[in-house]
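Quick notes on the structure that follows.
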Amino acid sequence: MTLITSISGIRGTIGGRQSDNLTPPDIVKFTAAYGAWILSQSAVRKVVVGRDARLSGPMVQGLIVQTLVAMGIDVIDLGLATTPTVEVAVTELQAAGGIIVTASHNPKQWNALKLLNSRGEFISGEDGTALLEMAETGNFEFAGVDTLGSVQTMDFLDRHIEMILALDLVDREAIAKKNFRIAVDAVNSVGGIAVPKLLEALGVKDIVKIHCEPTGKFAHNPEPLPEHLGEISSTVKDKKCHLGIVVDPDVDRLALVCEDGEMFGEEYTLVAVSEYVIKHKPGNTVSNLSSTRALRDITEKAGLKYFASAVGEVNVVQKMKDNKAIIGGEGNGGIILPELHYGRDALVGIALFLSHLANSNTSASLLRATYPSYFISKNKAELQPGTDVDAVLDKIREKYKKQPVNTIDGVRIEFDNDWVHLRKSNTEPIIRIYAESSTMNTADALARKVIQDIGNLI
């Protein structure tokens with residue numbers, strides 16, 4: 001089964017049978033449910049829609065737009081647009097919500113509907129549950145011919161970039177003076193439009209483009225992990241670039257490549273940007289429980305407070321609001337700057353990182369060397385179907401009860417500066433196990449020990 005419904009959106013593979021895959025009837029059903037939810041929430045009948053460049057995007061977006069029109073909702077169609085661009089457009093245009101057509105880092109056969117509220121943020125768990133219940137009942141009321149919605153096309157990228165340039169901490173002058181040569185790999189999606197345009201606005205004149213044509217034909221696995229980034233690593237070295245920039249198909253994740261071709265580390269995108277932000281505007285920071293300890297280290301070193309949230313952007317955002325955090329995000333390269341908006345935004349991440357790099361007067365590799373060095377081992381424990389995963393996690397928690405344990409999202413156990421985080425999958429009979437230590441060997445060993453414990457408990 002490759003249709004996955006969750007409180008934050010609907011995703012699946014294109015083709016196949018209704019209710020088993022993301023088919024036209026499924027797209028219409030869930031869009032109609034979202035439309036009904038919007039109409040129950042607000043007197044504003046306006047929704048923003050945008051998409052990444054994947055091959056199924058025009059088909060999926062067309063169904064979404066016309067379904068909303070049939071519900072009597074006016075649509076602002078941004079066409080090709082990054083996820084953060086859609087998010088800021090919702091609030092700037094005072095819409096009631098937004099739908100982003102993207103499967104993020106998933107391969108080309110996948111697509112999804114990411115659902116936003118009137119604040120341009122992912123809908124809450126409570127709202128998501130209500131929406132899914134509406135979809136199951138199918139009791140929608142469509143508009144009559146005289147009250148159908150309308151469609152207005154718009155390009156909002158320029159406005160998004162203007163908002164980034166207007167931020168106090170974005171130092172365009174310093175960036176322009178450095179005459180950076182920057183390579184960009186946008187995996188043939190919408191980042192191929194957005195990232196070069198942002199760099200030009202920041203004063204970067206020398207841009208080496210790799211896979212920047214938004215054809216939707218991903219040239220490599222679209223998840224920006226080191227094993228997929230050999231080409232840009234070689235290009236950065238061969239072309240003597242100061243930096244390599246990699247984004248996923250919808251441009252909410254940011255990975256960086258140092259001038260020597262080595263990865264800056266997706267976990268350290270947030271660390272570097274946060275250091276720059278809190279240096280100039282001291283405040284609290286937030287990341288999720290599966291993100292590197294390095295953010296906590298640099299935050300506490302500055303005499304400030306760090307908070308950990310459950311995994312998931314909506315949880316990070318809520319924790320940031322609860323603790324008035326000035327910067328936050330996730331270790332997958334997601335930067336959330338509340339001053340701009342509460343959403344992961346690779347574009348603002350790029351602008352802040354380049355400002356940091358320019359003002360540091362050093363190379364990317366030397367900047368990376370200034371941060372605490374940790375390594376994360378990512379694993380999973382396979383379980384038999386029907387296994388009571390919650391019971392297994394309870395037994396792990398009991399076994400390690402003498403250690404500091406956090407249970408807001410699975411079980412996270414701390415061992416001095418090391419930690420291991422166990423979370424159950426909502427879609428597979430597995431437990432995801434992340435472990436971090438100062439060496440990869442130690443992180444791997446810690447993960448293996450916990451996997452062995454699980455095996456002994458079931």
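Since every read-out is calculated from the coordinates, none of them should be taken as a lab result. This one's a predicted model, so the numbers in the text were calculated from it and none came from an experiment. We place every Cβ from the backbone using ideal geometry, glycine too, and count neighbours over all the protein chains shown.
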message = On a full-extension model of 0.36 nm per residue, what is the gain between T442 and D390, subtracting their alpha-carbon distance, rounded to one decimal in nm?
response = 16.1 nm
task = Evaluate the Kirkwood expression for the hydrodynamic radius of the stretch 3-155, namely the inverse of the mean inverse distance over all pairs of different C-alpha atoms, and round to one decimal in Å.
result = 14.9
request  = Rounded to the nearest 0.05, what FRET efficiency do Q109 and E382 give with R0 = 25 Å and r taken as the Cβ-Cβ distance? Could you check?
outcome  = 0.55
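When a footprinting reagent is the concern and you count Cβ atoms within 10 Å, what order do R296, R119 take, fewest first? Could you put the intermediate results ahead of the total?
Values: R296 18, R119 15.
Listing R296, R119 from fewest to most nearby Cβ atoms yields R119, R296.
Quick one: which of 285-292, 208-215 comes out on top by average Cβ neighbours within 10 Å, and what's the full order, highest first?
Numbers: 285-292: 25.6, 208-215: 18.1.
Those peptides, ordered most packed to least, come out 285-292, 208-215.
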key: Considering only the stretch 160-368, percent of DSSP beta bridges that pair antiparallel, nearest 5   = 35
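Can you work out D for the stretch 230-339 in µm² s⁻¹ from Stokes-Einstein, where Rh is the Kirkwood radius over C-alpha pairs, the temperature is 10 °C and the viscosity is 1.306 mPa s? Provide the component values of the computation, followed by the final result.
Numbers: Rh = 14.3 Å.
Once the numbers are plugged in, D ends up at 111 µm²/s.
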task = At 30 Å minimum axial length over the Cα atoms and a Kyte-Doolittle cut of 1.6, report the qualifying DSSP H helices in the chain, or say none.
result = none
Two-site label geometry, T370 and L165: point separation in nm, points 7 Å out along Cα→Cβ = 2.7
remark   = Cβ density ranking, 10 Å radius, fewest first, applied to E414, E330, E121, E428 yields E428, E414, E121, E330
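How much length, in nm to one decimal, is gained on full extension between K209 and N456, taken as 0.36 nm per residue of separation minus their Cα-Cα distance?
On the way: separation 247, 0.36 × 247 = 88.92 nm, distance 5.09 nm.
Going from the current span to full extension adds 83.8 nm.
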key: Relative contact order, percent, the chain [alpha-carbon distance under 8 Å, six or more residues apart]   = 12
query = Mean separation of Cα pairs under 8 Å and 6+ residues apart, divided by the residue count of the stretch 152-209: what relative contact order is that in percent?
reply = 40
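Using 0.36 nm times the number of residues separating K240 and R119, minus their current alpha carbon distance, what extension gain do you get? Each step should come with its number before you reach the end.
Values: separation 121, 0.36 × 121 = 43.56 nm, distance 4.20 nm.
Extra length available between K240 and R119 comes to 39.4 nm.
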inquiry  = I need the Debye-formula profile for the stretch 337-424: one equal scatterer per C-alpha, no solvent, reported as log10 I(q)/I(0) at q = 0.13, 0.17, 0.24 1/Å, two decimals.
reply    = -0.74, -0.90, -1.14
ask   = DSSP beta bridges in the chain, what fraction antiparallel, as a percent rounded to 5?
value = 55
note = Expressed in angstrom, Rg and Dmax over the Cα atoms of the stretch 195-242 are 12.1, 31
key: D (Stokes-Einstein, µm²/s), Kirkwood Cα radius, the chain, 1.306 mPa s at 10 °C   = 70
